[in-house]
Amino acid sequence: MEHSRVNLSYGYENLHLSNVSDLSEYYKPDSIKSYISPSIVFNNTDDHFFPQHGMILSASLLYAGIGGTQRFLKDRESARFYYSLEDKFDITTILKYKIQAGAIKENGYLPISEKFYLGGLGTVRGYDYGSISPKDASGDSIGGKRMMINSAEISVPVSIKKKMWLSAFIDNGRIGEDNLNIVRSSYGVSFDWITPIGPLNFTWAWPIGDKKDDETRKFEFSIGSGF
């Protein structure tokens, strides 16, 4: 268990929403979310910000329904793998691969805010945050109950001393209600820099085969890792 961390948490939220008449099919004005959430993380990577070797595996479960009015079961899993090609090239080169998956079982009231949405850093770059989603007859995003994301990157240092890295990536995301029928992909480059205020990430991404009504975003900036 040297590289593992196990956690068990309980939460209680009393929610009151106003002006939800247009979304009354998906939201209740008042609800209580009482939940328990176990999780486990395995991490044997060699560096916190720029791993060159190892993997990070995580799984979590959220059960809402210990009292309260919201009732659903949500599970999420992810795996990240890092592999250095330093022995094959003169310059440090890191291959990265990440897969994420999630599913929700509705046992009663499930607010659409608890469902999955893709787009933006950490999911499918090149699309607006949360814009990849099933939609209702009015064109409003209502989230999905199933999702899967695959991301692959290759990274090289701009300056190891100054902790600057340049990466090229490709993302593929799939989401839907009962199956993964909505598919979006993108490619791009990102620049990471560890500064005294924290890790900075600059990302330029371009959608692959985007649809007419897709909401896209070519540039994103964040304080934190983009992978």
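The values are calculated or read from the model by the stated rules, or taken from the named source; none is laboratory data. Computed from a predicted structure; not experimentally measured. Methodologically, a virtual Cβ is constructed for each residue, glycine included, from the backbone with ideal geometry; neighbour enumeration extends over all protein chains shown. The accessibility values were calculated without ligands, DNA or RNA, using every heavy atom of the protein model including side chains. Shrake-Rupley method; radii C 1.70, N 1.55, O 1.52, S 1.80 Å.
Above 22 angstrom, tally the Cα pairs of region 12-83 and express them as a % of all pairs, no decimals. For region 12-83, the share of Cα pairs beyond 22 Å comes to 49 percent. Loop-located GluC sites (Glu not before Pro) in region 1-74 (DSSP state other than H, G, I, E, B) with a sparse environment of at most 14 neighbouring Cβ atoms within 10 Å: Glu2, Glu25. When both region 179-219 and region 72-127 are represented by their alpha-carbon centers, they are found 13 Å apart.
Around Arg217, what is the net charge, scoring Lys/Arg as +1 and Asp/Glu as -1 over all other residues with Cβ under 14 Å from its Cβ?
Cβ neighbours under 14 Å give a net charge of -3.
Residue by residue, region 94-99 carries 3J(HN,Hα) couplings of 10, 9, 10, 9, 9, 10 Hz when phi is fed to the Karplus relation 6.51 cos²θ - 1.76 cosθ + 1.60 (θ = phi - 60°); x denotes Gly or Pro. The local environment of Trp204, defined by Cβ-Cβ distances under 12 Å, has a net charge of +2 under the rule Lys, Arg +1 and Asp, Glu -1. With unit charges on the beta carbons (Lys and Arg positive, Asp and Glu negative) and the dipole taken about the Cα centre of the chain, which residue among Ser155, Ser186, Leu73 sits farthest to the positive side? Farthest towards the positive pole: Ser155. Under a model in which nothing but the beta-carbon of Lys, Arg (+1) and Asp, Glu (-1) is charged, region 17-151 shows a dipole of about 340 debye around its Cα centre. Across region 25-34, rounded Karplus estimates of 3J(HN,Hα) from the backbone phi angles (6.51 cos²θ - 1.76 cosθ + 1.60, θ = phi - 60°) give 5, 10, 10, 9, x, 10, 7, 10, 10, 10 Hz, Gly and Pro being marked x. Once amide H atoms are placed 1.01 Å from N in the peptide plane, what residues at a sequence separation of 5 or more from Tyr127, or on another chain, have their amide H within under 5 Å of its amide H? Close amide H contacts, sequence-distant or interchain: Gly120, Arg217.
Would you mind classifying region 48-153 by shape? Square roots of the alpha carbon gyration tensor eigenvalues, ordered a ≥ b ≥ c; an a/c under 1.5 is rounded, otherwise it is prolate if a/b is larger than b/c and oblate if not. Oblate is the answer for region 48-153, as a/c is 1.5 or above yet b/c matches or exceeds a/b. Answer with a single label: of (i) 1.91; (ii) 1.41; (iii) 1.13, which was calculated as Cα Rg over 2.2 N^0.38 Å from the structure in view? Given (i) 1.91; (ii) 1.41; (iii) 1.13, the structure-derived one carries the label (iii). In region 65-111, Cα pairs under 8 Å separated by at least six residues give a relative contact order of 49 percent.
Solvent exposure of the chain amounts to 56 Å² per residue of accessible area, where only protein heavy atoms count and the probe is 1.4 Å. Under a 5 Å amide H cut-off, with hydrogens placed 1.01 Å from N, Thr93 pairs with Leu85, Glu86 among residues at least 5 apart or on other chains.
For region 95-196, state which trypsin sites (Lys or Arg not before Pro) are in a DSSP loop and have at most 12 other beta carbons lying within 10 Å of their beta carbon.
Values: sites: Lys96, Lys98, Lys105, Lys115, Arg125, Lys135, Lys145, Arg146, Lys161, Lys162, Lys163, Arg174, Arg184; in loops: Lys115, Arg125, Lys145, Lys161, Lys162, Lys163.
Qualifying residues, ordered by number: Lys161, Lys162.
For region 1-132, build the charge dipole from Cβ charges (+1 Lys, Arg; -1 Asp, Glu) around the Cα centre, then report which of Leu95, Gly54, Pro111 sits farthest towards its positive end. Ranked along the dipole, the leading option is Pro111. Given +1 at the Cβ of Lys and Arg, -1 at the Cβ of Asp and Glu and no other charges, the dipole of the chain around its Cα centre is 180 debye to the nearest 20.
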